[in-house]
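S.K.: Dropping the structure in here first, questions after.
The values are calculated or read from the model by the stated rules, or taken from the named source; none is laboratory data. Only a predicted model underlies this, so the values are computations on that prediction, with no experimental measurement involved. Please note: Cβ atoms are built from the backbone with ideal geometry, for glycine as well, and neighbour counts cover all protein chains shown.
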There are 2 protein chains.
Amino acid sequence: MADAVVLLSGGIDSSTALAIAIRSGHCCHALTFRYGQRHELEVEAAGRIARTLGAADHRIIAIPLGELGGSTLTDRSAPVPRGREPEEMARQIPSTYVPARNTIFLAYALAVAEITRSDFIYLGVSAVDYSGYPDCRPEYVEAFKDLAALATRRAVEGWPPQIVAPLLHLSKAQIIRKGIQLAVDYSLTLSCYDPDEAGRACGHCDSCLLRRRGFSEAGLPDPAVYQPGPER
Amino acid sequence: MADAVVLLSGGIDSSTALAIAIRSGHCCHALTFRYGQRHELEVEAAGRIARTLGAADHRIIAIPLGELGGSTLTDRSAPVPRGREPEEMARQIPSTYVPARNTIFLAYALAVAEITRSDFIYLGVSAVDYSGYPDCRPEYVEAFKDLAALATRRAVEGWPPQIVAPLLHLSKAQIIRKGIQLAVDYSLTLSCYDPDEAGRACGHCDSCLLRRRGFSEAGLPDPAVYQPGPER
């Protein structure tokens, strides 16, 4: 079976995308970035997921994206937004947006696909229950597909990597149900943008809110461990 | 005037692109990568060029691209091709090709453009006198333009960065003549893929051959310092 590069952050979506790629029979090269994110603990979660689901290997690439600035996700001196309503998420790109992050991740994925001779690149973006990031939208994914068809030696030689975004039109609840079918252990994932040192989730950032709502809508218990607070 | 991000390697093409961007009146943010290239001395050349031409600032970003492998340009244990004829360069992608390099560089340029609120991104690729790299071709640049129009917050807000490749259809001789008009001091540039420790060029790699032929066709002396050898 063909090899696939899978972008793996350690959250629900990318873990489910990895499970789908593996179930599709691919030999999967998981790819995670340490980019100065405040929730760097997600890199450990990605390692647990890659091992548990059976990725062939797991590359962790350290890149100085946070140093460029422009995001509360990489600037620990600024708070991340909390308590945003779904309508607000759909309307306004939040301060946790990291400039050009998915383009940078996908560009590295192109390089890894070239080196591993992978015919597929999986990414777990969803444009349904999401934070309004520009580089998670279907039209963005389409544009990257067109670029990938031209960008590399393998593309020129007739083997352009196919960009696969299997969750693009799924709600968080649908993603979770699919992952459960594929035996993803979501207790190993980390979604929170602002976990404490013990790795407990804040429960109120966009990512926690989307996760909690997803499990609720799926009618399933959320195995994440949350920090104690007034709401629980 | 609008700000511009300019990808600057320290060679002839990107230095000329910077001169064109500055002459166009842009406030220029030069961007150079230390990516494990064997000719890392080009980063110093880029610094000299950025200062001399008057870039507003110069970011040098260190990225672990060489560690991924797949190129003799980042693997010092393998030789770079020497003495290739123009026809061969046009026909065959050489081992100095670095997987997805321009896509990675342009992805970072998108991030810097977002942070600096730049409306333009300049890159000095040419598809005339070049080594046959897939990510220097006009169709590749077009595809990246389409991606850039969708990828960032500023794009969504109505300010997509314009990708400008002013040298795309120029020969090396034409590029050099243009640079001379704009007072680029080519003695400050480094083209060679395999310079010695003193920074002297090998004279025989693709990049040296293209440079030497360019100056010859332009009828101008090449100010590069070459290593002593049988041919000079």
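S.K.: Quick check on this structure: which one of B:LEU106, B:LEU65, B:LEU110 is touching a Phe, Trp or Tyr at 6+ places or on another chain (Cβ under 6 Å) and under 16 Å from B:ALA4 (Cα atoms)?
M.R.: The unique qualifying residue is B:LEU106.
S.K.: Restricting to the range B:70-90, what's the tally of residues that are touching a strand residue (DSSP E or B) at 6+ places or on another chain (Cβ under 7 Å) and either within 14 Å of chain A (Cβ to nearest Cβ) or acidic (Asp, Glu) (or both)?
M.R.: Adding up the residues that qualify gives 0.
S.K.: Still on this structure, please answer the following. For the range B:91-103, enumerate the residues that are facing chain A (nearest Cβ under 9 Å) and either touching a residue at least 60 places away in the same chain (Cβ under 8 Å) or within 17 Å of A:PHE144 (Cβ to Cβ) (or both).
M.R.: B:VAL98, B:PRO99, B:ALA100, B:ARG101, B:ASN102, B:THR103
S.K.: Here is a list of conditions, (1) within 15 Å of the chain's Cα centre (by Cα); (2) more than 7 Å from every other protein chain (Cβ to nearest Cβ), and A:GLU67 meets all of them except one; can you say which number that is?
M.R.: (1)
S.K.: Continuing with the same structure: Take residues that are within 14 Å of chain B (Cβ to nearest Cβ) and free of Cβ contacts under 8 Å to residues at least 40 places away in the same chain and tell me which of the helices (runs of 4 or more DSSP H) falling wholly in the range A:104-217 contain 1 or more.
M.R.: So the answer is A:138-148, A:153-156.
S.K.: Residue pairs, Cβ under 6 Å, 6 or more apart or interchain, first in the range A:18-37 and surrounded by fewer than 23 Cβ atoms within 10 Å (Cβ to Cβ), second among the acidic types (Asp, Glu). List them.
M.R.: Hits for this filter: A:CYS27/A:ASP3.
S.K.: Right, here's the next one. Does B:LEU53 satisfy the condition of being away from chain A (no Cβ under 14 Å) and either under 15 Å from the mean Cα position of the chain (by Cα) or of a type in the set (Val, Ile, Thr) (or both)?
M.R.: Against the criterion (away from chain A (no Cβ under 14 Å) and either under 15 Å from the mean Cα position of the chain (by Cα) or of a type in the set (Val, Ile, Thr) (or both)), B:LEU53 does not qualify.
S.K.: Considering only residues that are of a type in the set (Ser, Thr, Tyr) and in contact (Cβ under 8 Å) with a residue 12 or more places away in the chain, which ones fall in the range A:50-90?
M.R.: Listed by number, the residues that qualify are A:THR52, A:SER71, A:THR72, A:THR74.
S.K.: Which condition breaks for B:GLY229 when tested against (1) modelled with pLDDT of 95 or more; (2) more than 20 Å from B:ASN102 (Cα to Cα)?
M.R.: (1)
S.K.: In addition: Looking at (1) more than 26 Å from B:ARG59 (Cβ to Cβ); (2) at pLDDT 95 or above, which is the only condition A:ALA127 fails?
M.R.: (2)
S.K.: If you don't mind, there's one more thing I want to ask. Quick one: is A:SER77 in a loop (DSSP other than H, G, I, E, B) and among the hydroxyl-bearing types (Ser, Thr, Tyr)?
M.R.: Taking the combined requirement at face value, the residue satisfies it.
S.K.: Report, by residue number, each residue of the range B:40-52 that is surrounded by fewer than 24 Cβ atoms within 10 Å (Cβ to Cβ) and in contact with a Cys (Cβ under 9 Å, 6 or more places away or on another chain).
M.R.: If the condition is that a residue be surrounded by fewer than 24 Cβ atoms within 10 Å (Cβ to Cβ) and in contact with a Cys (Cβ under 9 Å, 6 or more places away or on another chain), then B:LEU41 is the only one that fits.
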